[in-house]
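Taking it in order: structure first as structure tokens, then the write-up.
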Amino acid sequence: MRSTGWKLIGGSAMSASCATRKTVVAALASSGNGRFKSTRPAFLDEDEEVDQPFTTPSVTPQVSTSTISGLPMTKPDLPPESIETITAAVGASFAEEADAVTLQPNAMEYTGGATMPITSSLHLVTPEEDTPRGVWPVHRMMDESGTFRDPTLDGVEPTSNDIPKLHASLEDENDSEKPVSNFSGSAFRSNLKKAHPQYADELDQTRLLRSAADGKVSFATSVDDHPEDAKLPLVLRAHRLMIRLREMDRILLNAQRQGRISFYMTCTGEEAIHMGAASALELNDQVFSQYREQGVLMWRGFSLEQFTNQCFSNDLDLGKGRQMPIHYGSRALNFHTVSSPLGTQIPQAAGAAYRLKLDKDKRGSVAVCFFGEGCASTTDFHSGLNFAATLDCPLLFICRNNGYAISTPVTDQYAGDGVIGHAPGYGMAAIRVDGNDLFAVHAAVRKAREYASENNAPVLIEAMTYRQGHHSTSDDSTRYRDVAEVERFAEEHDPLSRIENFLVEHSWITMEEITRMQENERLAVLQAMELAEKRPPPALGDLFTDVYAEIPPHLQEQQRQLEEHMAIYPDYYKGTSH
């Protein structure tokens, strides 16, 4: 077996001196105000060796003078004496920015106080390799600030094969701290690579910095109400649809609270998984979703009218009113209809992937199955993964690990290292990714799709994120989690804020334009909802069709009884379509 080469780093950035790190950590610890999450019981002692490997990484912070790196949550409110100690440790040049101390983590914070080491390297662990020891690392390209992260601050040491390589033409560039603005298309990619040469290969391959006009991107512009998207880089389309999705969730959630629809589920905080994954797929890839992936369908061209028609179960609902709200489906967009029972889509996706493998005309396509971490506790999860692995199916299993399965936190869901640890047991490739990083999700899904298609093999992707809303309109999450936790994750780890930071930094959009976009999308959702609400219900006869080619006698009898019943109580069923 070939080792993955990941070594967990006990200290912080490789570029900082050991003495400086110890002094800084001691100063922060003594202040009592630093909000640092760590799986170790205490900060490093003065005489402790910091570079020794251990199974679970700490989150010893790296003090940085850069204003473009780090998490907002790690800006401690330090007393003056602590600032003086830190200033003496890192040099007088830090004094001018002592009020803007930012800390770039080498680990990702997760619910329950857990942390996971971050890696900038895009590495798909295959069955031929050793599995990572300890906690699987999380692939991330962009920190919460909207800036591509410095790989030297990672929580793992990659092998030489995984270290991002500088292009020869870029080795002498020294502008990694300079903003890259007012570029489009190839010019923007070129300048972005100069600013962040460690990601040059991925920036060349990502679709997010390309447009549909490049001929390498497929989405249903014919049913999208913004055909101009075909000429714009996909990152702008992803951003707009993330705003649209959030506005749609907010308005339809309120509609349910008002009694206008019967049920709803939001995906607030998970939009980057939807858009990052959907933008890396092909339109002919078969999607099997759970019930929190409406963004994938939105990316493929499902309109606001189609979403609201389904939620209001009117005569234009593609499901003819037979499903609960949010149980979307579209044959034209290769999005299989959502079903309520948990996990049933997983073995179904394995079967579809096996069919794709056998069909010569569809080779190269893959099936994609989305589910939550709670779904990994079902028997269908294990059956589906085993079928896909033993039958060599081109299938992506994408787990949205958002911390809570209805009312069950991950601490009660599993004792091991998340869902990703199941992959080696089934002999399949796997990668864990920061689900709030649009660029990282896109990169992970693109690489996984290439592997699945070329090798006729399944891949398990675990996207780490946080569910900002209730599980559904039938749930009150304040009964099992702290409101302060929800507010903090929404404030500090929001995927929409992260991509907006990137776009604003590079002058692709302004905050005023974002505000206008939010208002336009809000009005568009309201208009679609009002039209859907006014439409009549589906035809009564649709209750009995689409199961049998010819309606059998027992259903004919049921239909006759229903019509007789409605004739007896016409006032009660007034307005019902016949």
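The values are calculated or read from the model by the stated rules, or taken from the named source; none is laboratory data. Given the structure is predicted, the values throughout are model-derived calculations rather than measurements. All Cβ positions, even for glycine, are placed from backbone atoms using ideal geometry, and neighbour counts span all protein chains on display. In case anyone asks, the SASA skips ligands and DNA or RNA and just uses the protein heavy atoms, side chains included. Shrake-Rupley method; radii C 1.70, N 1.55, O 1.52, S 1.80 Å.
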Cα-based Rg of region 249-406 per 2.2 N^0.38 Å, rounded to two decimals? 1.04
Can you give the Kirkwood hydrodynamic radius for region 257-308, in Å, rounded to one decimal and based on Cα pairs? 12.3
How charged is the neighbourhood of ARG516? Take every other residue with its Cβ under 14 Å from the Cβ of ARG516, and add Lys/Arg as +1 and Asp/Glu as -1. -3
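Which whole number of Å³ per residue matches the convex hull of the alpha-carbon atoms in region 287-341? Show your work: numbers first, answer last.
Numbers: hull volume 3.8 nm³, N = 55.
Normalising the Cα hull of region 287-341 by residue number yields 69 Å³.
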Provide, in order from the shortest bin, the percent of all Cα-Cα pairs of region 368-456 in each 10 Å bin, continuing until the bin that contains the maximum pair distance. 15, 50, 31, 4
Percent breakdown of C-alpha pair distances by 10 Å bin, ordered from the shortest bin, for region 107-146: 25, 49, 23, 3
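For region 307-396, rounded, prolate or oblate, judged on the Cα gyration tensor with a ≥ b ≥ c (square roots of eigenvalues), a/c < 1.5 rounded, else prolate if a/b > b/c? Numbers along the way, then the final one.
Working: a/c = 3.29, a/b = 1.50, b/c = 2.20.
Oblate.
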Convex hull per residue volume in Å³, alpha carbons only, for region 433-473: 84
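Shape call for region 424-578 from the C-alpha gyration tensor, a ≥ b ≥ c root eigenvalues: rounded (a/c under 1.5), prolate (a/b greater than b/c) or oblate?
Values: a/c = 2.38, a/b = 1.60, b/c = 1.48.
Here region 424-578 falls in the prolate category.
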Which pairs, out of LYS320/LYS360; LYS231/LYS320; LYS320/LYS574, put more than 29 Å between their alpha-carbon atoms? LYS320/LYS360; LYS231/LYS320
Shape call for region 531-578, from the Cα gyration tensor axes a ≥ b ≥ c (a/c under 1.5 means rounded, otherwise prolate when a/b beats b/c, else oblate), comes out oblate
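Hey, if we sort TYR291, TYR548, TYR414 by accessible area with the 1.4 Å probe, largest down, what's the order?
On the way: TYR291 35, TYR548 120, TYR414 55 Å².
Sorted descending by solvent-accessible area, the residues read TYR548, TYR414, TYR291.
Beyond 14 Å, what share of the Cα-Cα pairs of region 469-539 is found? Please give it as a whole percent. Show your work: numbers first, answer last.
Working: 1887 of 2485 pairs.
The proportion of pairs with Cα distances above 14 Å equals 76 percent.
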Counting Lys and Arg as +1 and Asp and Glu as -1 over every other residue whose Cβ sits under 11 Å from the Cβ of GLY541, the net charge comes to -2
